[in-house]
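The structure appears below as structure tokens.
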Amino acid sequence: MKHQTIEQLQALAEIRPDPVMTRTERLQRWAELLESNPDRRLGTLSGTERATAAVRQAMQVNGSPMTVAFEDTQLRLAGLADDSYGEAKRFFEISDHQLHDIVCDCNFGSSVRAAYAARRVRAAIGLWPRLKALFS
């Protein structure tokens, strides 16, 4: 066995990213993360339905359902860049209406239970992918 330094091994290492996650897999992962601490209170965003598209894209609040997703290494490796509204919409491939249902304060007040946010995330997956997963 040849002895090599860490620097030598790093130079030789081939880093392979995880396989690409589908939209459904990303949303399921997000829901699972939320469900892992169901009573956690998460911050909501104020007035997503009234904000201009540019303002809405940049909206962010610490400790939101989107923060839970961003804290996950697997989702970050899959391409989640931050915990902003616009990034969540892009990465999870969901509409403004769907994301509004998950994170807007007009639905929950200033905070939402993680379990309830998870149900809203699962609803965004859609019925067909959920049925398909049950019978696979």
Helices (runs of 4 or more DSSP H) wholly inside the stretch 20-136 that include at least 1 residues being among the β-branched types (Val, Ile, Thr): 23-35, 53-58, 65-70, 73-77, 96-103, 114-125
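Residues are listed down the side, and each one gets a yes or a no for (1) modelled with pLDDT under 95; (2) surrounded by fewer than 17 Cβ atoms within 10 Å (Cβ to Cβ):
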{"position": "GLU14", "(1), (2)": "yes, yes"}
{"position": "GLY43", "(1), (2)": "no, no"}
{"position": "THR73", "(1), (2)": "no, yes"}
{"position": "LEU80", "(1), (2)": "no, no"}
Here are some residues: PRO38, PRO129. Which one is modelled with pLDDT of 95 or more and of a type outside the set (A, V, I, L, M)? PRO38
Search the stretch 97-116 for residues that are closer than 14 Å to PRO38 by Cβ and surrounded by fewer than 18 Cβ atoms within 10 Å (Cβ to Cβ) and pair each with any residue that is of a type in the set (Lys, Arg) and at pLDDT 95 or above when their beta-carbon atoms are under 8 Å apart and the residues are at least 6 apart or on different chains. SER111/ARG41; ARG113/ARG40; ARG113/ARG41
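Based on this model, can you work out whether ARG122 counts as surrounded by fewer than 20 Cβ atoms within 10 Å (Cβ to Cβ), touching a helix residue (DSSP H, G or I) at 6+ places or on another chain (Cβ under 7 Å) and either of a type in the set (Lys, Arg) or without any contact (Cβ under 8 Å) to a residue 12 or more places away in the chain (or both)?
Working: surrounded by fewer than 20 Cβ atoms within 10 Å (Cβ to Cβ): yes; touching a helix residue (DSSP H, G or I) at 6+ places or on another chain (Cβ under 7 Å): yes; either of a type in the set (Lys, Arg) or without any contact (Cβ under 8 Å) to a residue 12 or more places away in the chain (or both): yes.
It is true that ARG122 is surrounded by fewer than 20 Cβ atoms within 10 Å (Cβ to Cβ), touching a helix residue (DSSP H, G or I) at 6+ places or on another chain (Cβ under 7 Å) and either of a type in the set (Lys, Arg) or without any contact (Cβ under 8 Å) to a residue 12 or more places away in the chain (or both).
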Using the structure shown, decide if GLU35 is in contact with a strand residue (DSSP E or B) (Cβ under 7 Å, 6 or more places away or on another chain) and of a type in the set (D, E, K, R). no
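Residue under question is THR48, and the condition is that it be in contact with a His (Cβ under 9 Å, 6 or more places away or on another chain), surrounded by 20 or more Cβ atoms within 10 Å (Cβ to Cβ) and not charged (D, E, K, R); does it hold?
On the way: in contact with a His (Cβ under 9 Å, 6 or more places away or on another chain): yes; surrounded by 20 or more Cβ atoms within 10 Å (Cβ to Cβ): yes; not charged (D, E, K, R): yes.
Considered against the rule, which asks whether it is in contact with a His (Cβ under 9 Å, 6 or more places away or on another chain), surrounded by 20 or more Cβ atoms within 10 Å (Cβ to Cβ) and not charged (D, E, K, R), THR48 comes out as yes.
The values are calculated or read from the model by the stated rules, or taken from the named source; none is laboratory data. Since the structure is predicted, the reported quantities are computational estimates derived from the model, not experimental observations. Cβ sites come from the backbone with ideal geometry, for glycine too, and all protein chains shown count toward neighbours.
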